[in-house]
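Working notes, beginning with the structure itself.
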Amino acid sequence: MIMAAPLPVPSIQIGVGQTSSPAGTVSTLEVLALLTVLTLAPSILIMMTSFTRIVVVLSFVRSALGMQQTPPSQVLVGLALFMTFFTMAPAINQANQKALQPYLAGTISQAQAYTEAMAPFRDFMLRQTRQADLALFMNFAGLGPVQKPEDLPNYVIIPAFAISELKTAFEIGFVIFIPFLLIDMIVASTLMSMGMLMIPPMVISLPFKILLFVMVDGWHLVVQSLLTSFH
């Protein structure tokens, strides 16, 4: 009986050693910087893109309908992620063309690539940020008036953008809540007038809220409102 030769299995070795050459030091620092960026990627996605506004508004929709588990959180987060990629596509493409591809080709340095990559995201955040929120963080940072947006540091723009996004999301969520709140009030007052105090109003109002949401094509309206809210 002829035995088949075992398939070769590659071995993987990871080691940490000393380097005395400048090129090796630079490569090590680049790897550490890349690992740091990958670690902070979720925070970057949440704080510097449209994800915060979208996911908060979608959560408001679920709460207004009175369904705590439908749609599931995984569905809402997935929809928010794809809508984030859609709204941020121009900034991502610009960063890829002006920063990533030239850096990979070796025509610009790492510092230049970082500046070029941040430029479209800074422009997006500044267009969505209220002046009052920018002034708040500028005052606490001890910064005086700036002549142009390029002079604003990232540590001022990012938190100002975050609280502006939360305010806008809550404004949209308030408008979404109004029709469903009216349905709850009408159902509750009707049940009280009929003396049906043992039946929870939410049980009766839930089908009517779902029916209203389906009849007006609610998801289409919510997504349309979110997309048009980014200017």
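Could I get the Rg over Rh figure for region 37-154? Both from C-alpha atoms, Rh via Kirkwood, rounded to two places.
Details: Rg = 17.5 Å, Rh = 16.6 Å.
Using Cα coordinates only, the ratio equals 1.06.
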message: Please list, in order along region 156-162, the HN-Hα scalar couplings obtained from phi with the Karplus expression 6.51 cos²θ - 1.76 cosθ + 1.60 (θ = phi - 60°), rounded to whole Hz, x for Gly and Pro.
response: 9, 5, 5, x, 5, 5, 5
- prompt: Taking only the alpha-carbon atoms of region 155-231, what semi-axes of the equivalent ellipsoid follow from 5 times the gyration tensor eigenvalues under a square root, in whole Å, largest first?
  reply: 35, 16, 8
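Of the listed peptides 46-57, 176-187, 152-163, 216-227, what is their order by residue-averaged count of other C-beta atoms within 10 Å, with the highest listed first?
Working: 46-57: 21.4, 176-187: 15.9, 152-163: 17.9, 216-227: 13.8.
Answer by packing, highest mean first, reads 46-57, 152-163, 176-187, 216-227.
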- request: At 0.36 nm per residue, minus the direct Cα-Cα distance, what do Leu182 and His220 gain on full extension? Give it in nm, one decimal, please.
  value: 11.6 nm
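When Lys and Arg each count +1 and Asp and Glu each count -1, what net charge do the other residues less than 14 Å away from Phe161, Cβ to Cβ, add up to? Write out the running numbers ahead of the final one.
Working: positive: Arg53, Arg122, Arg127, Arg130, Lys167; negative: Asp123, Asp133, Glu165.
Summing Lys and Arg as +1 and Asp and Glu as -1 gives +2.
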- prompt: Got a number for carbon plus sulfur as a percent of region 119-184's accessible area, 1.4 Å probe?
  reply: 69
message: If I model a spin label as a point 7 Å beyond the Cα along the Cα-Cβ vector, how far apart are those points for Phe170 and Gln74 in nm?
response: 3.2
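The values are calculated or read from the model by the stated rules, or taken from the named source; none is laboratory data. Quantities reported herein were computed from a predicted structural model and do not represent experimental measurements. Cβ sites come from the backbone with ideal geometry, for glycine too, and all protein chains shown count toward neighbours. Heavy atoms of the whole protein, side chains included, go into the accessibility calculation; ligands, DNA and RNA do not. Shrake-Rupley method; radii C 1.70, N 1.55, O 1.52, S 1.80 Å.
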